[in-house]
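J.: Pasting a structure here, questions to come.
The values are calculated or read from the model by the stated rules, or taken from the named source; none is laboratory data. Keep in mind the model is a prediction, meaning the values are calculated, not measured. Because the Cβ atoms are built from the backbone with ideal geometry, glycine has one as well, and the counts that use them run over all protein chains shown.
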Amino acid sequence: MTHPRKRKPRRRPPPSRERRAPRERRAPPSSRDRRGRTTRDRRAPAPAPAFSDAAFERHFAPILERYRNTLETLRRWRTLVNERAAALADFIKRTMDDAYANRVYYQVLGGVINAPTAESLPRPCHFDPRHLARVLGDPKGGEGAGRRVFDPWTGRWQGKWTSGPNRPASDTEPANPSPQSHVWDGTRQVDGATVQPVSQSERGWVDSSNVDSETDAGHTDLGINVYDDGAGLGGWVSKRQHGQSFELPHIGFRVAPGVLIWITQKHDRDGNALEDTFSVCVEWVDENGNYGILGRRFKLEGDSVRELTPAESYEGERHGGVYRKS
């Protein structure tokens, strides 16, 4: 009887003694998001808040309460805007056309150092009337409005604003704007809403270190920006500088990343309207650290939107400001 021949196990060759070159690590793509931040920037730790929890509770929680008590009025405003979206879109388009042609800056920003040129304004495509009408017709403030909508403004800004005490009486003269320092704090979640505390002052930045004294002395205006899934984009500013004492509730619309539209009306501290006119403000930031505001006054008359003349408006037909990030 013959037995099958056993196969010898095949020996593997000894490992090579040559040192292999280390595998080349592929660098991650240098992508930037819509705000111009790199991946490394996005992973950077968030800066410390400008306003402590105690400062928020004392100064900003009451403003948030006034905002929430006025939501029914703000919903009515949003309905008025939604119904007149096309007319208001055309009004804003004309405003920005003036800005792109630089016909507006001799009045509004003529005294501002490094006033933006047409090239540094938001892109004209953002103000296509059809796009604006869709944004203004959105019940929550435009596509993309959400918890991160205020992030591009977070930080400290300094510049000039044209409706301060140095503004000339006539809009036919060049503007002589007043200095402004703005602090846009990081957002926080309060009962399901995203809330961003904001301060503005002609004396310098106001944060936790001096908010008590500056507010008590009437040297700062405090406000909030708000987003929640129910009411959409909104905000509030309490005006106290120069002995003023009135409120500016806002509704907001996101036009594009870093571009917002605000609509506001002057109210007293009890929530009663002090006028039948509104202001619309276009607010933007760019990748070069510029932050700008350009606003006009208007009235809603039937289904139409009518711009105000300088004689009808306590801030003139146009108002605005330019700021640099610090």
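J.: Across region 39-55, what is the number of residues that are at pLDDT 95 or above and under 19 Å from the mean Cα position of the chain (by Cα)?
T.: Counting residues in region 39-55 that are at pLDDT 95 or above and under 19 Å from the mean Cα position of the chain (by Cα) gives 2.
J.: May I pose another question? Restricting attention to region 208-224, report how many residues are free of Cβ contacts under 8 Å to residues at least 24 places away in the same chain, buried (at least 19 other Cβ atoms within 10 Å of the Cβ) and in a helix (DSSP H, G or I).
T.: 1
J.: Which of the residues spanning region 225-250 are closer than 18 Å to Asp270 by Cα and assigned to a strand (DSSP E or B)? Spell out the reasoning first.
T.: Initial filter on region 225-250 (closer than 18 Å to Asp270 by Cα): 235-240, 243-250.
Across region 225-250, the qualifying residues are Gly235, Trp236, Val237, Ser238, Lys239, Phe246, Glu247, Leu248, Pro249, His250.
J.: Which members of region 251-266 meet the condition of being touching a residue at least 60 places away in the same chain (Cβ under 8 Å) and in a strand (DSSP E or B)?
T.: Ile251, Gly252, Phe253, Arg254, Val255, Ala256, Val259, Leu260, Ile261, Ile263
J.: In addition: Within region 192-216, how many residues are at pLDDT 95 or above and of a type in the set (D, E, K, R)?
T.: 4
J.: Of the conditions (1) modelled with pLDDT of 90 or more; (2) over 18 Å from the mean Cα position of the chain (by Cα), Leu136 satisfies every one except a single condition; which number is it?
T.: (2)
J.: Let me ask something else about it. Can you find a residue that is hydroxyl-bearing (Ser, Thr, Tyr), within 23 Å of Arg156 (Cα to Cα) and at pLDDT 95 or above anywhere in region 223-244? Walk me through it before giving the result.
T.: Of the residues in region 223-244, the ones hydroxyl-bearing (Ser, Thr, Tyr) are 227, 238.
From the residues that got through so far, the ones that are within 23 Å of Arg156 (Cα to Cα) too are 227, 238.
This time we only want the ones that are at pLDDT 95 or above, so: 227, 238.
Yes, the conditions are met somewhere in region 223-244.
J.: Scanning for something among the β-branched types (Val, Ile, Thr), over 18 Å from Ala99 (Cβ atoms) and either touching a Gly at 6+ places or on another chain (Cβ under 8 Å) or surrounded by fewer than 21 Cβ atoms within 10 Å (Cβ to Cβ) (or both), does region 284-297 turn up at least one residue?
T.: No, that holds for no residue.
J.: Next up: Surrounded by 15 or more Cβ atoms within 10 Å (Cβ to Cβ), modelled with pLDDT under 90 and acidic (Asp, Glu): is that true of Asp171 in this structure?
T.: yes
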